[in-house]
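Accompanying notes for the structure given below.
The values are calculated or read from the model by the stated rules, or taken from the named source; none is laboratory data. Remember, it's a predicted structure, so these values are computed and weren't measured experimentally. We place every Cβ from the backbone using ideal geometry, glycine too, and count neighbours over all the protein chains shown. Surface accessibility is based on the protein's heavy atoms, side chains included, excluding ligands, DNA and RNA. Shrake-Rupley method; radii C 1.70, N 1.55, O 1.52, S 1.80 Å.
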Amino acid sequence: MTKNILETDGLTVTFGGLNANDSVDLAVPEGTFVGLIGPNGAGKTTFIDAITGYVGMSAGTATFDGEDIGALKPHERAGKGLIRTFQSLELFEDLSVRDNLLVAGYPTKWYTFILDMLHMTPKNQEIEERVDWALDILNLTDVADAMPTDLPHGRRKLVGVARALAAKPKLILLDEPAAGLDTTESTNLGRQLRTFLDHDMSVFLIDHDMGLVLSVCDYIYVLDFGQIIAQGTPAEIREDPAVKAAYLGEQAGEVQAQEADRIRESQQEEVPS
Amino acid sequence: MKELIIALIAGVGAGGLYAMLGAGLVVAFRGSGVINFAHGAVAAYAAYTFDELRENGDVYLPWFDPIPEFGFLKTLRINNLPVKLHLGEDPSTWLAVAVALLMSAFIGLLMHFLVFRPLRNAPTLGKVIGSVGVMLYLSSIIAVNFGGQNRADVGFGGFTTDSPAVEILGGTIPRSNFYLLAAAVVMGAAVWALYRFTRFGISTRAADENEKGAALLGYSPQFIAGANWVLASVLAGAAGVLFIHKTQPALFVLFVVPALGAALFGNLSSVPGATVGGLLIGIAASGGVELADKGWWPAWLPAEGVRNTVPLLVIILILYFRGDKLPIRGSISIGRQPRAPESNNVLIGLGVCVGIAILLSNIFVSSWEAILTTSLLATLFMFSLVVLVGYLGQISLVQFSLAGVAAFTMTRLAADGTKVRPNDFFVNTGWDLPDPLAALGAVIVATIVGLVVGIPALRIRGVQLAVVTLSAVIALEDILIRNTTLLGEGAKSTNPTPEPSWFGQYVGAFNPDTNRTDYWKYTAFLILAVSLVGVAVANLRRGAMGRKFLAVRANERAAAAAGIDVSKTKMLGFGISSAIAGIAGVLFAYKLPAVSSDNFSVFAGLALLAFAYLGGITTIGGAVIGGLLVAGGLSAETLGVHFEDIDVAYINAVGAIGLIINAIVTGGEGIAMLQTDQGKHILAGLRRDPTIAPPDSVLNLTQEEIQGDVEGALV
Ligand SMILES: Nc1ncnc2c1ncn2[C@@H]1O[C@H](COP(=O)(O)OP(=O)(O)OP(=O)(O)O)[C@@H](O)[C@H]1O
Ligand SMILES: [Mg+2]
């Protein structure tokens, strides 16, 4: 059995009496691709906020890479390789695209500022290469020196994903990366997502694009009103009556499932293994 | 115990003032979303207007003659803009009250139309700069129009200096204190009722929520904003007139600090809350001062410091515990920040600047030494703002006080208990440290104080941080800088600076032979310091930590997600900036035969901030330009406006106007960036490189459009 890179046990988040996450038990096995779906307001972003330390948990535990991370600050969790993206962009707007990625990748010590002032900060070849790779995989190389504000929304979204990749995640948490992308960008992203797994990371994906989620995930959780109402492989989720009722809707489910098949096929055609 | 209770009760007098000012701040904030740092200055202008009219029958309009009658300009005898109106001898008190209130209303209108309406869509930063600009402008104009002399206005109505005493618990409290309390309560209740029951008030509340809400009730949002500005200013004016018998009108400018505490107590939205908050602050401060008189009170904590620390503590407590370590999801965005480009040609720029500086210095051209070093010192200090405000985005108004802390600490550490110069009044005792050590110690102390002051910034951001640091300026001045126990007998007036000698070389600027501050070794020393710090600050921007500073400035949530320890990064920024401010403070002290707290007054600090913004707060070039612009610096002296004492106020008023225009026109980016844009633009034109788009919209017109325009004009 592979070990779980992330595991939550009874994770609960309460906002003024309302349980935005209600006793969520969820696991991401190392090296796998796990999805989380659910209707608007189900508590998906709140879940990411909770495990990355942006909101406090009112009950339960979160374990990352074998360590209880409940007491760690957000940047400490990021330092351990638990890297998130944001649903609402949140880029560094006055840094170039490349610098956005370098911020995430470059390690600094307390004395780095002294080296900076002497203009002696050592170049870190490994990180520069990693940044180039992240830019390349998301088709951002041509805009590396542009400002994020000069890019269309879809590409800005991808800068957020690239920034997370540059930070050398063990687990990358993607909050609706495909929202706001046009069809080409979205298909392209779908194609790239699984290649992330080849770079020593596990992936956790939230998205409303059912076609995308069903096609790329190994395992899917379904959240509604803060509770996990179903889980399973894409095939199981597609057939699950509770999911159909709560989320997909009878008709929509069919359409989405067909879409998923279509994407899967296109992937097999175009990505040589 | 009894004395304490009496003191607490007497506190309702000052508390009433803070309450009235706090209520006005709430009104302005609700109408326009601006925290008005100039609110106390409006009260001050009204109070001066009142007193001037009663004394001399004159009214001064809130501006100055752009071609002043001094220096060689005196001979021109031109008066371009009417400033002074004579309303006749011995006008009645009520006329004076009415004119003072009208003047406040007029200032409110001007603020709305000239400053805050143009800034209504500006990012937070722009609004803060705008309102600090108005504060600096009004206090400079007060200095120009009403001069520096003391006023002794006896007040009017029940609010007079000879108000009969009320006996309580065997002590006496002037009756006017209770009138002030009553005035604050009546005023607060009236504004509350206005918001509660009138259509205008309800529209303001609706506009608070969203602009459409107000429009539905039939008022345009801009009308509402304007009307609230007038109302807020009239409230400030009323507070000024009612309280003038207790104090010097000039002091009103800084009463904005306790008033901010009061307004924050009301969460910037509740007038009754602000009224209660103001009264509580007044009561607590009065009680604190009473306690500070007791025998057991530690001598190193002076009573005046206590009075000014109360609002600081209230403000910090309210904001710190309301704030979050990271902004919560969806909290209002801070808006666009001024660009902070890397400087690529650091060494070339350095060479050019140093070359010019050396040319101007006494080595080649005589008698410019003192002026040149004023600009250099300002630039050096502004580097600290570039790091903290420019790179890290923390709007701190307190950095110049840290320079003061360093200057005074240095004199203390280096003093040896003997007279430095024959005509020194005070003799300072100290540790007799040799010079590099005394300077180093001073810089370390300034850094530590800066770090402590920076702690609130971990949870308080944007304009609220500006509020905290402004109140820290006032508290620091009384707790540290003017503290005779800590910093020596001269701390309240002039502290002689020991003659600095680094490794056997005298590097002070004061030349005992000429009695001027023009010693060439000092200039050389200063050029060296400015160069080293400037290069270091420019390099910081290019390095890994500098990038993290900018990331924190842009988005703290995302910065944490990228693994940045936001708290530590902010502390690092405060530390670096405070150390630079400390270096500037020590070198400033080296220039003077003696340092005094006036050298580091809050207005001097705000003026430096203003000129730093005007130059460009995000770049080294901006700091250099800012340094040239300051009063007493190269540009002002070249233009020849240095003939009379008043010059500083003039230059600062001009600087304040520049600051406001800068906020409106360039989004706070400053002259350096304009010039960069122009430079790029010209280069682009020369190279005809299509990839660099000219920034100017006119230049984006197509040939056809231009043709069309020309034809249209011909027809
Ligand atoms: N800071 C907060 N304070 C109070 N309530 C919150 C907060 N953040 C989220 N909520 C509430 O928690 C619930 C879950 O929100 P969340 O954003 O996690 O849903 P989501 O599944 O990500 O939705 P979407 O698909 O729209 O992104 C919502 O009802 C939301 O209003
Ligand atoms: Mg969400």
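Total residues in region A:20-43 satisfying the condition of being more than 9 Å from ligand 1 (Cβ to nearest atom), polar (S, T, N, Q) and closer than 21 Å to A:A59 by Cβ: the figure is 1.
A:G154 meets the conditions (1) open to solvent by less than 20 Å² (accessible area, probe 1.4 Å); (2) in a helix (DSSP H, G or I); (3) within 14 Å of another protein chain (Cβ to nearest Cβ) in every case but one. The failed one is (3). Here A:E93 clears all of (1) farther than 19 Å from B:G546 by Cα; (2) of a type in the set (D, E); (3) at the interface with chain B (Cβ under 9 Å from one of its Cβ atoms) except the condition numbered (1). Residues A:E90, A:E129: which one is over 30 Å from A:G232 (Cα atoms) and within 16 Å of ligand 1 (Cβ to nearest atom)? Of the residues listed, the single one that is over 30 Å from A:G232 (Cα atoms) and within 16 Å of ligand 1 (Cβ to nearest atom) is A:E90. Total residues in region B:532-543 satisfying the condition of being free of Cβ contacts under 8 Å to residues at least 12 places away in the same chain, facing chain A (nearest Cβ under 7 Å) and either among the hydroxyl-bearing types (S, T, Y) or open to solvent by 10 Å² or more (accessible area, probe 1.4 Å) (or both): the figure is 1.
Counting the residues of region B:1-58 that are outside any helix (DSSP H, G or I), open to solvent by 10 Å² or more (accessible area, probe 1.4 Å) and more than 20 Å from B:G273 (Cβ to Cβ) gives 2. Of the residues making up region A:59-77, those that are within 14 Å of chain B (Cβ to nearest Cβ), open to solvent by 20 Å² or more (accessible area, probe 1.4 Å) and not in a loop (DSSP other than H, G, I, E, B) number 3. When each of A:A20, A:A50, A:A71, A:A59 is tested for being within 13 Å of ligand 2 (Cβ to nearest atom) and over 15 Å from the mean Cα position of the chain (by Cα), the lone residue that passes is A:A20. Only one of the listed residues (A:T141, A:T183) is of a type in the set (S, T, Y), assigned by TED's automatic domain parsing to the domain that holds A:R77 and free of Cβ contacts under 8 Å to residues at least 24 places away in the same chain. That residue is A:T183.
Number of residues in region A:38-47 that are open to solvent by 50 Å² or more (accessible area, probe 1.4 Å) and either assigned to a strand (DSSP E or B) or within 14 Å of chain B (Cβ to nearest Cβ) (or both) equals 1. Where helices (runs of 4 or more DSSP H) sit wholly within region B:544-597, those with at least 3 residues that are within 19 Å of A:P74 (Cα to Cα) and facing chain A (nearest Cβ under 7 Å) occupy B:544-554, B:556-561. When B:L85, B:L114, B:L119 are checked against the criterion of being at pLDDT below 95, open to solvent by 20 Å² or more (accessible area, probe 1.4 Å), in the same structural domain as B:V230 (by TED's automatic domain parsing) and within 18 Å of B:S233 (Cβ to Cβ), B:L114 stands alone in meeting it.
Among the residues of region A:179-206, just one is within 22 Å of B:A562 (Cα to Cα), within 16 Å of ligand 1 (Cβ to nearest atom) and open to solvent by 10 Å² or more (accessible area, probe 1.4 Å), namely A:A179. Among the residues of region A:78-90, just one is in contact (Cβ under 8 Å) with a residue 40 or more places away in the chain, open to solvent by 20 Å² or more (accessible area, probe 1.4 Å) and within 8 Å of chain B (Cβ to nearest Cβ), namely A:E90.
Of the set (1) open to solvent by 40 Å² or more (accessible area, probe 1.4 Å); (2) without any contact (Cβ under 8 Å) to a residue 24 or more places away in the chain, all apply to A:D209 but (2).
For A:D99, indicate whether it is within 14 Å of chain B (Cβ to nearest Cβ), assigned to a helix (DSSP H, G or I) and within 16 Å of ligand 2 (Cβ to nearest atom). No, not satisfied. In region A:108-119, what residues are more than 8 Å from chain B (Cβ to nearest Cβ) and assigned to a loop (DSSP other than H, G, I, E, B)? Within region A:108-119, A:K109, A:Y111 qualify. Does A:I5 meet the test of being within 19 Å of A:C217 (Cα to Cα) and crowded, with 22+ Cβ neighbours inside 10 Å? Yes; evaluated as a whole, the condition is true for this residue. Set side by side, the residues A:V28, A:V34 differ, and just one is in contact (Cβ under 8 Å) with a residue 24 or more places away in the chain, more than 8 Å from chain B (Cβ to nearest Cβ), part of a strand (DSSP E or B) and touching a Cys at 6+ places or on another chain (Cβ under 7 Å), which is A:V34. For region A:223-231, the criterion of being at pLDDT 90 or above, in contact with a Cys (Cβ under 8 Å, 6 or more places away or on another chain) and either surrounded by 15 or more Cβ atoms within 10 Å (Cβ to Cβ) or farther than 23 Å from A:L173 by Cα (or both) is met by none of the residues. Could we say that A:L174 is crowded, with 16+ Cβ neighbours inside 10 Å, touching a residue at least 24 places away in the same chain (Cβ under 8 Å) and farther than 30 Å from A:A42 by Cβ here? Considered against the rule, which asks whether it is crowded, with 16+ Cβ neighbours inside 10 Å, touching a residue at least 24 places away in the same chain (Cβ under 8 Å) and farther than 30 Å from A:A42 by Cβ, A:L174 comes out as no. Among the candidates B:L110, B:L138, B:L125, the residue that is more than 15 Å from the chain's Cα centre (by Cα), under 28 Å from B:L465 (Cβ atoms) and in a helix (DSSP H, G or I) is uniquely B:L110. Of the residues making up region A:8-15, at least one is open to solvent by less than 40 Å² (accessible area, probe 1.4 Å), within 14 Å of chain B (Cβ to nearest Cβ) and within 15 Å of ligand 1 (Cβ to nearest atom). With respect to (1) of a type outside the set (K, R); (2) assigned by TED's automatic domain parsing to the domain that holds A:D198; (3) part of a loop (DSSP other than H, G, I, E, B), the lone exception for A:A50 is condition (3).
Quick one: in region B:450-474, which of the residues that are in contact with a Gly (Cβ under 7 Å, 6 or more places away or on another chain) and in a helix (DSSP H, G or I) is nearest to B:S384 (Cα to Cα)? In this case the residue turns out to be B:G450.
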